[in-house]
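Here's the structure we're looking at; comments come further down.
The values are calculated or read from the model by the stated rules, or taken from the named source; none is laboratory data. Just so it is clear, the model here is predicted, and its values are computed rather than measured. Counting neighbours? That spans all protein chains shown, and the Cβs are built from the backbone with ideal geometry, glycine included. Side chains are part of the model used for accessible areas, which takes the heavy atoms of the whole protein and leaves out ligands, DNA and RNA. Shrake-Rupley method; radii C 1.70, N 1.55, O 1.52, S 1.80 Å.
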Amino acid sequence: MELEKAYNPTEAESTHYKRWEAKGFFAPEINENPNAEAFSIVIPPPNVTGSLHIGHALQHTLMDVLTRWKRMQGFKTLFLVGVDHAGISTQLMVTRQLKKDEHKTPQDIGREAFTEKVWAWKNKYGGTITNQIRREGLSVDWSRERFTMDESLSIAVRNVFVRLYEEGWIYRGTRIVNWCPRDKTVLSDLEVKEETKKDGKLYYLQYPVKDSDKKITVATTRPETMLGDTAVAVNAGDERYRDFIGKTIELPLTNREIKIIADEYVESEFGTGAVKITPAHDPNDYEIGERHNLEKIVIMNADATMNQNAGADFEGLDRYEAREKVIEKFEELGLLEKIDDYEVVLPHCERCKTVIEPLLSEQWFVNMSEMRDMALDLMRKENAPHFSPQVPHEKVYTAWLENLKDWTISRQLWWGHQIPAWYDEAGNVYVAKNKEEAIAKAGTDKLTQDQDVLDTWFSSALWSFSTLGWNGETTETEDLKTFHPTNVLVTGRDIIFLWVSRMVMTSLKFIGEKPFSDVIIHGTVLDKNGQRMSKTKGNGIDPLDVFDKYGVDATRMTLAGSSTGADFAWRDEKVESFRNFANKIWNATRFCLLNSEGAQVDYTFLNPKEEAREIVRLLGDELIDIDEEDEEFLDKVDPQFAKDNPKENLSIADRWIISRLNKTALAVNKALETYQFHEAVQLLYHFFWDDFCDWYIELVKDEITSVEVNTRRDAARSRIITIIEQSLRLLHPFMPFLTEELWQKLPNTSADLHNAAYKSAEQTIMLADFPKGDANLIDEKAETEMQAVIELIGKVRNIRAEMNIKSGDKSAIHIAANRDLQKIFTENEAQILKLGRASELKIGETLDVPKASARGILTGGAELAIPLEGLIDFEKEHERLENQLEKLNTENEKLVKQLSNQNFVEKAPPEKVKDLRERMAEIDMQTITLAENMKALKQ
RNA sequence: GCCCACUUAGCUCAGUGGUAGAGCAUCCGCUUCACACGCGGGAGGUCGCAAGUUCAAAUCUUGCAGUGGGCACCA
């Protein structure tokens, strides 16, 4: 079989996903093992209006890696997908569309027609994000796809609302809220973003005191609110104002008189020490107003224009026009003391960036204290959920809960879950899960439903269980039993409060258990200059462009390979290097397939001990007395059998790569267990590229490509192809498309390679058993021996490069070494000759080479020399050796210093001291040899 | 104001109480029959600054500086 010369992701990406989805591989039902342990993840539902951004791609990759990994391990796996109705965003988007297409506002067409339009919009465009999720290769179960406004999820919302209301935790009240004049809705504190405005002003207004020629100066950043003032407050301890307390102010621009009151809140040192009090337009003033029973005058409309309470001169003006006019008038009256430059921090609507107006308004709230305590208890007693990284998220999460305020849940929108509260003609409220029940409660059918909808996060808060079938009426479902609590939630830190904490609270309250065990908080993808990506800056990275350019798998590797939890700057070069890696995998496989005649994927080629155990069984235990832990055990089984059976005839390189493979597999599993995705990526990258491609393939190349047909060659071919097969499995969770594409091409891959839970499924790598790694196959001896070979070849290459020997010129290699090393080098003679581009290898106890030789020192006291008759530049060689000597000396100095420190020798662990002594002995030996070599050069 | 994180090679980032790592970039050499999206070989860091703990600190502690983030805010 011959593959294209380079991996082309497009085709693999378009074919495999369709098949996986069509064959039902993503659904948990594919798992045939009735006792399989469950593993579940729910996706943080992206906005239905949204399209994929790079942050999604990161988050989704991590979830899919975990899911695919667990699925391959035989877990009954559910990766639940769904989208969020995203109240405000969606409503704004459709409103914009309506204006553009029909020049109408939602009010023009009415609530019913408008929501119909939104549904139509949702049905038409809502699939954008889900199609992009398919493009990413996510192994989500589409048969369980959910939408926050699905019937069952909506029922859940209403039931939760009713129950919290009945228990007294949801209430309707009049409070100062965050009002967005542009979206014309209230927002929760979490949807408000503070921004510093450097060119703000602080206005000093003089208020005349009644029956006096005195004036009190108040400072304010929002002078227009003075039209709603109902008091001036000072601190009772403030000498300056003591006599004014209880007196009356004639409030300019209005016909009102307001009192001067004393309140602790006022800090005498700040401003003028006197504060104008506007209870209807400032949260602190509201508090003061409550304490002093002040009138609350609302002076603005929903769009932040002034209303009639502001007076005829101001009614209809925008708040900023009103501000100017108030100042003008104060100036005219001679009551404007001064205007200072002042840095103000203003709340903005997170979505539309409009300055928030604090406004007195009647809204629905949830008092979270009970659920908050449940969540805090869970953290205290079970340390759940476990955040990863734990620092700083656990602390931030806990601190936020501890200071939790009531949650404003009503929104003045039409798109969302309409609040299940009805009012009779007298204005009495009846909260019920539907109109019929409300009628029953009210005893009349003359009811109107509350016009507002719930905060989008109210339904999201139920996501972990509402998606599994719980809706308050149906409270036990098979899915809930099987998949709840979910295992892990992967999300960004910006929604720890908005979503994570609220899911914990509602889940504890309504299901009686946590929604998930672990929370992985991933980092933020920044642009290449380390700046946050934003639409306004236009510095965003479109993942779809990256997919097109480099392939989905390379993108996934890049994302998973970034340090878990840390922010990182996006670099196309990084994706490029993983694109190259994908191509490397492609070509390594291509090479093996070009030489795959007679080969088959067969794991016993990689597990000689397992095979040998079988031999023992075949031969009968009584014939041989062996210890399976014995390193030389294979040889003792039956030397002749081993010789005849190529499966047993493993070279150092074979045992080495098998050892490396198993170490890697063990480490990858461990890394994933602790959510160290980048660690797993590094391990796989280096195993495959450095160990497997750079060394193993090169070492066995001649054997594999031999034209002579024999069982030994075929065994080598099977071995290398089996290593590829195992590597592809390890890589699959990260690079699903490439690995499936190649796996399908390997000889002899079939459903037999599946995890036992998927035996009936059609063959696919995504159901293959994930390699655990076998500690018994780790062969430290082979690794040490291989290290010696690698070191030797490296030294030879180094000499050849530094001495400018042409790659076509072959030279002899002379080696002096002890018996152990001699044996290793002899066993690998062919490979050393090939990779060292050598004509001959002379191995002995001592070196016997001409003066015109380049020398090298190896670990373990071995030396090597390359005779370079006529080629050697003595000056250059001397310099090269001098360089090496210098390095050794530097290291030696450190060691001498350390080892002559009595404290170190006495207090450091003996093993450490021994290591250093050995290293020093090694250096001594090498130094002597080097010196001799240099001397020899000069003779 | 309070809290937190980060500061390691030119760039982007790993990393562990015990001789500093990767990718990219850079330099040298290779059309070596899987791959130039490649191969081989180099160069490059007193691990932000200062002090402390320790036999030993890039790693732990404290302080400082810079950068970024969160929370709370005074009219």
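Non-local amide H neighbours of A:PHE39 (under 5 Å, H modeled in plane, Pro and chain starts lacking H): which ones?
For A:PHE39, whose amide H was placed from the backbone, the distant partners under 5 Å are A:LYS76, A:THR77, A:LEU78.
What list of ³J(HN,Hα) couplings, whole Hz, do you get for the range A:717-730 from phi and the Karplus terms 6.51, -1.76, 1.60, once you set θ to phi - 60° and write x for glycine and proline?
Once rounded to whole Hz, the list reads 5, 5, 4, 5, 6, 6, 5, 4, 4, 5, 5, 4, 4, 5.
Just the Cα atoms of the range A:36-129, one point each, no solvent: what log10 I(q)/I(0) does Debye give at q = 0.14, 0.18, 0.24 Å⁻¹?
-0.63, -0.83, -1.15
Within the range A:396-501, what is the number of lysine pairs with alpha carbons under 30 Å apart, leaving out pairs fewer than eight places apart on the same chain?
The number of close lysine pairs in the range A:396-501 is 5.
How much area per residue is accessible in chain A when the probe is 1.4 Å and only protein heavy atoms are counted (Å²)?
45 Å²
Given 20 °C and 1.002 mPa s, compute D for the range A:765-855 with the Stokes-Einstein relation, Rh being the Kirkwood radius over Cα pairs; round to the nearest whole µm²/s.
141 µm²/s
Taking each pair of distinct Cα atoms in the range A:701-782 once, what is the resulting Kirkwood hydrodynamic radius in Å?
14.2 Å
Between A:GLN531, A:SER369, A:LEU746, whose Cα lies farthest towards the positive end of the dipole of chain A when Lys and Arg beta carbons carry +1 and Asp and Glu beta carbons carry -1, centred on the Cα centre?
Positive-end residue among those listed: A:GLN531.
By what distance, in whole Å, do the Cα atoms of the range A:303-461 stretch along each of the three principal axes, largest value first?
64, 55, 24
Roughly what angle does helix A:9-22 make with the longest principal axis of chain A, taking Cα atoms, 0 to 90 degrees, to the nearest 10?
Compared with the principal axis, the helix lies near 70 degrees.
Along the range A:240-246, what does the Karplus equation 6.51 cos²θ - 1.76 cosθ + 1.60 (θ = phi - 60°) give for ³J(HN,Hα), rounded to whole Hz, x for Gly and Pro?
4, 10, 3, 6, 7, 4, x
Between the range A:453-467 and the range A:206-285, what is the C-alpha centre distance in whole Å?
Value for the Cα centre distance between the two parts: 44 Å.
For chain A, take the longest principal axis of its alpha carbons; what is the angle in degrees between that and the long axis of helix A:369-382, to the nearest 10 within 0 to 90?
Roughly 20 degrees, rounded to the nearest 10.
DSSP beta bridges in chain A, what fraction antiparallel, as a percent rounded to 5?
The antiparallel fraction comes to roughly 65 percent.
Mind listing which GluC sites (Glu not before Pro) in the range A:445-488 are in a DSSP loop and have 14 or fewer other Cβ atoms within 10 Å? Working shown, then result.
Working: sites: A:GLU473, A:GLU476, A:GLU478; in loops: A:GLU473, A:GLU476.
Sparse-neighbourhood loop GluC sites (Glu not before Pro): A:GLU473, A:GLU476.
Under 21 Å from the Cα of A:LYS99, which lysines turn up, not counting those fewer than eight places away in the same chain?
Reachable lysines: A:LYS117, A:LYS122, A:LYS124, A:LYS184, A:LYS353.
Angle between the Cα long axis of helix A:54-72 and the longest principal axis of chain A, 0 to 90 degrees, nearest 10?
Orientation of helix A:54-72: about 50 degrees from the principal axis.
Which entries in A:LYS574/A:LYS795; A:LYS276/A:LYS537; A:LYS670/A:LYS907; A:LYS197/A:LYS537; A:LYS528/A:LYS584; A:LYS663/A:LYS795 show an alpha-carbon gap greater than 29 Å?
Where the Cα-Cα span goes over 29 Å, the pairs concerned are A:LYS574/A:LYS795; A:LYS276/A:LYS537; A:LYS670/A:LYS907.
If I compute solvent accessible area with a 1.4 Å probe over the protein chains, what percent of it on the range A:148-208 is carbon and sulfur?
Summing carbon and sulfur atoms, their accessible area is 45 percent of the total for the range A:148-208.
Taking a label point 7 Å from the Cα of A:GLU257 along the Cα→Cβ vector, which residues of the range A:208-242 have an amide N closer than 13 Å to it?
Of the residues in the range A:208-242, A:209-212 have backbone N under 13 Å from the label point off A:GLU257.
Could you tell me the convex hull volume per residue, in Å³, taken over the Cα atoms of chain A?
So the per-residue Cα hull volume is 257 Å³.
Suppose the Debye formula is applied to equal point scatterers at every Cα of the range A:1-91; what is log10 I(q)/I(0) at q = 0.15 Å⁻¹?
Log10 of I(q)/I(0), two decimals: -0.78.
At a probe size of 1.4 Å, how large is the accessible area of A:TYR342, to the nearest 10 Å²?
Counting only protein heavy atoms, the figure is 70 Å².
Carbon-plus-sulfur fraction of the accessible area of the range A:751-862, 1.4 Å probe, in percent?
46 percent
So how long is each side of the range A:222-298 along the principal axes, counting just the alpha-carbon atoms, biggest first, in Å?
The Cα atoms of the range A:222-298 stretch 32, 24, 23 Å along the principal axes, largest first.
Tell me which residues come under 5 Å, amide H to amide H, from A:ASN47 once H is placed; ignore anything under 5 positions away on its chain.
For A:ASN47, whose amide H was placed from the backbone, the distant partners under 5 Å are A:ASP84.
If one computes the Cα centroid of the range A:43-62 and of the range A:783-817, what distance in Å separates the two points?
The range A:43-62 and the range A:783-817 have Cα centres spaced 51 Å from each other.
How large is the helix-only mean residue ellipticity at 222 nm for chain A, computed as the sum of -39500 (n - 2.57) over DSSP H runs with n ≥ 4, divided by its residue count, in deg cm²/dmol to the nearest 500?
Mean residue ellipticity at 222 nm (helix-derived): -13500 deg cm²/dmol.
Name the residue from A:ASN403, A:PHE825, A:GLY540 whose Cα lies farthest towards the positive end of the charge dipole of chain A, charges +1 on Cβ of Lys and Arg and -1 on Cβ of Asp and Glu.
A:GLY540
A:MET300's amide H: which non-local residues (gap 5+, or another chain) put their own amide H closer than 5 Å, with H modeled 1.01 Å from N in plane and none for Pro or chain starts?
Answer set, sorted by chain and number: A:ASN307.
Order the following by accessible area, largest value first: A:LEU871, A:LEU594, A:LEU937. Probe radius 1.4 Å; ligands, DNA and RNA are ignored. Each step should come with its number before you reach the end.
Details: A:LEU871 105, A:LEU594 80, A:LEU937 15 Å².
Reading off the accessible areas and sorting them downward yields A:LEU871, A:LEU594, A:LEU937.
Run the dipole for chain A about the Cα centre, Lys and Arg Cβ at +1, Asp and Glu Cβ at -1, nothing else charged, and hand back the magnitude in debye, nearest 20.
I would put it at about 1480 debye.
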